[in-house]
1. Anything in the range 190-204 that is near the ligand (Cβ under 10 Å from one of its atoms) and touching a strand residue (DSSP E or B) at 6+ places or on another chain (Cβ under 6 Å)? List them, or say none.
2. For the range 235-253, name all the residues that are open to solvent by 70 Å² or more (accessible area, probe 1.4 Å) and near the ligand (Cβ under 10 Å from one of its atoms).
3. Select from the range 222-248 the residues that are over 22 Å from ALA162 (Cα atoms), of a type outside the set (D, E, K, R) and touching an Asp or Glu at 6+ places or on another chain (Cβ under 6 Å) and list them in ascending order.
4. With the structure loaded, tell me whether ILE213 is closer than 20 Å to LYS2 by Cβ and away from the ligand (no atom under 16 Å from the Cβ) or whether it fails that test.
5. Which condition breaks for ASP256 when tested against (1) open to solvent by 20 Å² or more (accessible area, probe 1.4 Å); (2) acidic (Asp, Glu); (3) under 18 Å from GLY6 (Cβ atoms)?
6. Return the residue satisfying two criteria in turn: it lies in the range 196-220 and is touching a Lys or Arg at 6+ places or on another chain (Cβ under 8 Å) and in contact (Cβ under 8 Å) with a residue 24 or more places away in the chain, and of such residues it is farthest from LEU131 (Cα to Cα).
7. Are any of the residues in the range 4-16 closer than 30 Å to ALA111 by Cα, touching a helix residue (DSSP H, G or I) at 6+ places or on another chain (Cβ under 6 Å) and aliphatic (A, V, I, L, M)?
8. Can you name every residue in the range 142-172 that is under 20 Å from GLY267 (Cα atoms) and touching a strand residue (DSSP E or B) at 6+ places or on another chain (Cβ under 8 Å)?
Amino acid sequence: MKIIDGRQISDAKRAQIKELTAKIKSETGKTPGLATILVGEDPASKVYIGSKIKACENAAIKSFHFALAANASKDEILSLIKSLNSNAEADGILLQLPLPDNSFAQECINAISPLKDVDGLHPFNAGLLNLSKNWDELIEKNALLSCTPAGIIHLLKASSIAIEGKTAVVIGRSNLVGKPISMMLLANNATVIMAHSKTKNLKELSKSADILIAAAGKPRFINKEYIKNGAAVIDVGINRVGGKLCGDVDFDDVKDMDISITPVPGGVGPMTITMLLENTLKAFKNRDRSA
Ligand code: NAP
């Protein structure tokens, strides 16, 4: 088993981002800025937001935090987003999800200016991904790509895992992970199979994968019966079992296989925040160019 070390790959990328931020500062006199919004007091969300703010600090990106009460109305959230859309210091706007009332989350995301949508979840940016001919075009357009899937592509490339012509099986079809990673793998010329809870022959399909993306949010349900030797396995799942974090892959069961795999924690998670930093710089550049 070969570990794909998300922390190490992420640290290297963050060092590059820090250099880029300094370059932007010396060339323009401006510092890219990220506005973060947290609604409510959910402990996990507080930890995630805290890590994002800390990562900004370490990369010399300015961050502005806005905390709203758990019972904040949709109109209050929309009005804050609207004011941040016209705030020149905020290049990116991150709304921490899920909201206490998640029924209007997409409406709030839709209110974020697509140019500041550093989570890449606005229909404009999701559409850009879907309409792209290939990966190069997305890079050329400086597209704001959804962070977790973009981080997975970075992990694969940094680990010299070939994507083109490979069979990729994605387990999960959420707007946050499953759909965008499928489109990104497709943009990189993989042959992509999208699986979900109604998929009939999951074991058989998964076993055909050169690249297996496990993003179902089901603790340790992927064991060696789902994986072929030689595969690259990206475990996106973050599950809390008995107070401990685990992924969707049963790590102990697969540890003797000849595979490359991301651990949980320390795999996909750190890359998600790194791509948020990268998107903040992209948003800075895109706004600058359009000014
Ligand atoms: P989600 O919205 O709950 O989606 C889960 C997907 O998995 C759904 O499409 C569901 O199918 C599918 N699924 C559920 N059970 C399945 C099964 N037994 N067989 C096949 N497919 C199944 O979750 P998400 O937001 O995509 O997140 C997935 C996991 O990734 C979670 O553990 C989450 O915490 C983690 N995550 C990690 C990061 C990170 O930074 N590392 C970021 C985001 C998410 P249906 O559509 O048919 O219901």
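1. Passing the criteria: MET194, ALA195, LEU202.
2. Selection gives ILE238, ARG240.
3. ILE222, ASN223, GLY237, GLY247
4. Spelling it out, it is not the case that ILE213 is closer than 20 Å to LYS2 by Cβ and away from the ligand (no atom under 16 Å from the Cβ).
5. (3)
6. SER208
7. Within the range 4-16 (the criterion being closer than 30 Å to ALA111 by Cα, touching a helix residue (DSSP H, G or I) at 6+ places or on another chain (Cβ under 6 Å) and aliphatic (A, V, I, L, M)), the answer is no, since none of the residues qualifies.
8. ILE152, LEU155, LEU156, SER159, ILE161, ILE163, ALA168, VAL169, VAL170, ILE171, GLY172
The values are calculated or read from the model by the stated rules, or taken from the named source; none is laboratory data. Just so you know, these numbers come straight off a predicted model, no measurement behind them. Backbone-built Cβ (ideal geometry, glycine too); neighbour counts: all protein chains shown. Quick note on the areas: whole protein, heavy atoms, side chains included, nothing else; ligands and nucleic acids left out. Shrake-Rupley method; radii C 1.70, N 1.55, O 1.52, S 1.80 Å.
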